[in-house]
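Have a look at the structure below before the remarks.
The values are calculated or read from the model by the stated rules, or taken from the named source; none is laboratory data. It should be emphasised that the depicted structure is a prediction, and the values quoted were computed from it without experimental measurement. Reconstructed Cβ throughout: ideal geometry from the backbone, glycine too, with neighbour counts over all protein chains shown. Heads up: the accessible areas ignore ligands, DNA and RNA and are worked out on the full protein's heavy atoms, side chains in. Shrake-Rupley method; radii C 1.70, N 1.55, O 1.52, S 1.80 Å.
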Amino acid sequence: GGQVSGQDVRLAAGEAAVFFAAPPGVDPATLRERATPVTGTSVTWESGEDTVSTSLSFGTATLHVAMPHHEAAIVDPGESLGNYPSVYGPLTLRYAATLTWTAPRWPVAPALDLSGLSEADRRTIADVAARDLAATRPAPADTYFGGKALYRESQLLSIAGQVGVDATNQRAMVTAEIEAWAQPGAADERATRCFVYDEAARGIVGLESSFGSELFNDHHFHYGYFLHAAGTLAVDDPGLAERLAPVFDLLAADIASPQDSGLFPALRGFDVYAGHSWASGVSPFADGNNQESSSEAVNAWAGLMLWARARGDAALEAQATWLHALEAQTALAYWLQPDLSAFPGYTHRIVGLGWGAKRDYATWFSPNPEALLMIQVIPAGPGMTYLAHAPEQIPATVAEAIGAGGFARTYADYCLMYASVADRAGAIAALPQVSGIIDDGLTETYVTAFVLSR
């Protein structure tokens with residue numbers, strides 16, 4: 001009903017205009033009648049035994065594009081009307097009222113499974129665990145490194161318990177530390193190890209922030225570590241889960257509220273269509289939002305799942321299972337094992353930063369190849385079983401990251417763990433190289449147990 005004159009469009013009240021770009025080689029006139037105005041969308045999902053299914057409904061049949069991860073697992077695709085080139089690969093133009101696709105489910109456990117190890121391997125791990133437990137470690141007071149430290153110590157305690165090393169005193173200290181973070185109203189008493197509610201942004205912020213978390217950067221990364229640690233420490237201690245719940249339930253709601261509750265927006269930084277999270281809070285970039293650590297994003301939903309189990313919250317656990325499956329699917333598809341055949345000029349095997357409008361072989365913190373792989377593997381937790389996907393691709397990816405210099409360098413502990421998925425014997429032989437060069441999110445115990453349990 002509108003009037004068009006050159007580049008001028010005039011609309012009366014209640015009329016709508018839809019602008020679209022036709023795919024290369026497609027006459028726009030053939031698509032005009034299918035460009036239906038979309039006034040809202042809705043999301044439904046189902047979790048099956050082996051997969052999750054996600055449906056985006058547009059309210060009416062209309063033109064939309066499917067990204068490569070959609071196309072690889074699309075359900076009832078309808079008619080294909082052409083393709084657009086994009087930085088994420090070909091986008092397929094389709095006409096339908098819904099876009100539905102599936103993603104594999106990956107098992108999530110609170111700790112590594114060491115039940116299949118030989119007695120010799122268990123003794124090796126026990127010796128390393130005894131040393132790690134005896135070491136004094138600082139307890140960082142900001143939300144990133146503080147959460148990582150709790151995650152690290154929870155994994156150490158779990159491994160020690162499995163190999164028969166007494167950690168009673170250390171468990172008491174770690175429990176006291178996580179309970180300090182979970183103290184309601186702690187910000188009235190101190191400036192660190194506490195959270196406050198930001199009414200303007202409708203979310204939870206650590207009073208001592210890091211990496212721009214006060215601007216709502218990286219919340220799923222930070223809180224994923226807290227929730228994972230809590231779910232691990234409380235796996236057999238419902239009383240601890242109850243004590244942590246007043247604050248930790250709010251951390252879960254900050255990153256994964258299933259609907260806009262008034263206090264929290266729905267899903268905060270998770271983009272259902274893209275199938276992954278975005279990490280910047282306010283996204284002050286010409287290239288849109290971005291995400292660097294696909295693996296810490298997957299870890300967030302693993303942590304949410306474990307916390308939901310500790311709380312006995314079946315609905316939250318099901319939602320976390322869905323988010324975990326989608327994030328793992330796109331972590332593989334766009335960061336860790338991407339199909340880059342459409343980009344012959346891009347000579348690398350992984351992507352370090354995914355943006356709305358570009359993809360970078362880069363990180364925010366280091367140009368070194370081992371750092372680029374590390375940030376797609378960290379923390380290599382027990383809930384990140386998707387890292388074992390397509391093991392035949394792993395040796396070449398590790399070779400690009402490490403080169404001929406071996407693993408005796410910062411961040412290479414994560415590269416070694418990733419390498420062990422495809423080459424356990426080679427990784428065991430290389431374990432001495434990373435001794436003493438362990439990331440603050442790991443212990444030598446964890447690296448050893450990870451490699452030996454492949």
In the range 43-61, residue modelled with the lowest pLDDT [restricted to those that are closer than 26 Å to Arg32 by Cα and of a type in the set (Ser, Thr, Tyr)] = Thr60
Cβ pairs under 6 Å, 6+ apart or interchain, first in the range 29-53 and farther than 21 Å from His70 by Cα, second modelled with pLDDT under 95 and loosely packed, with under 13 Cβ neighbours inside 10 Å, ordered by first then second residue, are Thr36/Thr60; Pro37/Ala16; Pro37/Val18
Counting only residues that are out of contact with any helix residue (DSSP H, G or I) (no Cβ under 7 Å at 6 or more places or on another chain) and either within 15 Å of Ala333 (Cα to Cα) or modelled with pLDDT under 95 (or both), the range 386-402 contains a total of 2
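Residue by residue, here is whether (1) touching a helix residue (DSSP H, G or I) at 6+ places or on another chain (Cβ under 6 Å); (2) farther than 18 Å from Glu400 by Cα; (3) touching a residue at least 60 places away in the same chain (Cβ under 8 Å) holds:
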residue: Gln319; (1), (2), (3): no, yes, yes
residue: Leu332; (1), (2), (3): no, no, no
residue: Asp339; (1), (2), (3): no, no, yes
residue: Arg349; (1), (2), (3): yes, no, no
residue: Ala362; (1), (2), (3): no, no, no
residue: Glu370; (1), (2), (3): yes, no, no
residue: Ile375; (1), (2), (3): no, no, yes
Looking only at the range 178-217, which residues are polar (S, T, N, Q) and over 18 Å from Phe264 (Cα atoms)?
-> Gln183, Thr192, Ser209, Ser210
What residue, of Gly356, Gly352, Gly405, is over 18 Å from Arg152 (Cβ atoms) and loosely packed, with under 15 Cβ neighbours inside 10 Å?
-> Gly405
Residues of the range 38-47 being in contact with a Ser or Thr (Cβ under 8 Å, 6 or more places away or on another chain) and in a loop (DSSP other than H, G, I, E, B), which ones?
-> Val38, Thr41
What are the residue pairs meeting all of these: first residue in the range 1-21, first residue under 14 Å from Thr36 (Cα atoms), second residue polar (S, T, N, Q), Cβ atoms under 9 Å, and 6 or more apart or on different chains?
-> Ala16/Thr39; Val18/Thr36; Val18/Thr62
What single numbered condition from (1) more than 18 Å from Val205 (Cα to Cα); (2) open to solvent by less than 10 Å² (accessible area, probe 1.4 Å); (3) more than 11 Å from the chain's Cα centre (by Cα) fails to hold for Pro258?
-> (2)
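Name the residue that is nearest to Leu93 (Cα to Cα), counting only residues in the range 46-55 that are surrounded by fewer than 19 Cβ atoms within 10 Å (Cβ to Cβ) and either more than 22 Å from the chain's Cα centre (by Cα) or not charged (D, E, K, R) (or both).
Start the filter on the range 46-55 by keeping residues that are surrounded by fewer than 19 Cβ atoms within 10 Å (Cβ to Cβ), which leaves 46-51, 53, 55.
Restricting the remaining residues to those that are either more than 22 Å from the chain's Cα centre (by Cα) or not charged (D, E, K, R) (or both) gives 47-48, 51, 53, 55.
Details: Ser47: 27, Gly48: 28, Thr51: 25, Ser53: 21, Ser55: 17 Å.
Selected residue: Ser55.
Mind checking whether some residue in the range 209-227 is hydroxyl-bearing (Ser, Thr, Tyr), free of Cβ contacts under 8 Å to residues at least 12 places away in the same chain and surrounded by fewer than 24 Cβ atoms within 10 Å (Cβ to Cβ)?
Step one: filter the range 209-227 for residues hydroxyl-bearing (Ser, Thr, Tyr), giving 209-210, 213, 223, 225.
Remaining after also requiring free of Cβ contacts under 8 Å to residues at least 12 places away in the same chain: none.
So far as the range 209-227 goes, no, none of its residues is hydroxyl-bearing (Ser, Thr, Tyr), free of Cβ contacts under 8 Å to residues at least 12 places away in the same chain and surrounded by fewer than 24 Cβ atoms within 10 Å (Cβ to Cβ).
Between Ala66, Ala73, Ala120, Ala141, which is at pLDDT 95 or above and closer than 22 Å to Asp439 by Cβ? Outline the logic, then answer.
On the way: Ala66 fails: closer than 22 Å to Asp439 by Cβ; Ala73 fails: closer than 22 Å to Asp439 by Cβ; Ala120 fails: closer than 22 Å to Asp439 by Cβ.
Testing whether each residue is at pLDDT 95 or above and closer than 22 Å to Asp439 by Cβ leaves just Ala141.
Is it the case that Phe343 is over 21 Å from His222 (Cα atoms), free of Cβ contacts under 8 Å to residues at least 12 places away in the same chain and of a type in the set (Phe, Trp, Tyr)? Full working, then the answer.
Working: over 21 Å from His222 (Cα atoms): yes; free of Cβ contacts under 8 Å to residues at least 12 places away in the same chain: yes; of a type in the set (Phe, Trp, Tyr): yes.
Yes.
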May I ask you to list the residues in the range 263-311 that are free of Cβ contacts under 8 Å to residues at least 60 places away in the same chain and of a type outside the set (A, V, I, L, M, F, W, C)?
-> Gly269, Asp271, Ser277, Ser283, Pro284
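Is it the case that some residue within the range 441-449 is at positive phi and open to solvent by less than 10 Å² (accessible area, probe 1.4 Å)? Talk me through it step by step, then tell me what you get.
Of the range 441-449, the ones at positive phi are none.
The answer is no; no qualifying residue exists.
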Does at least one position in the range 277-294 carry a residue that is surrounded by 24 or more Cβ atoms within 10 Å (Cβ to Cβ) and part of a helix (DSSP H, G or I)?
-> yes
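Let's see how each residue does on (1) modelled with pLDDT of 95 or more; (2) in contact with a helix residue (DSSP H, G or I) (Cβ under 9 Å, 6 or more places away or on another chain):
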position	(1), (2)
Gly164	yes, yes
Asp188	yes, no
Cys194	yes, yes
Asp198	yes, yes
Gly206	yes, yes
Glu214	yes, no
Tyr223	yes, yes
Leu227	yes, yes
Val235	no, yes
Could you tell me which numbered condition Val9 fails, if it satisfies all but one of (1) of a type in the set (Val, Ile, Thr); (2) more than 19 Å from Asn83 (Cβ to Cβ); (3) out of contact with any Gly (no Cβ under 7 Å at 6 or more places or on another chain); (4) surrounded by fewer than 15 Cβ atoms within 10 Å (Cβ to Cβ)?
-> (3)
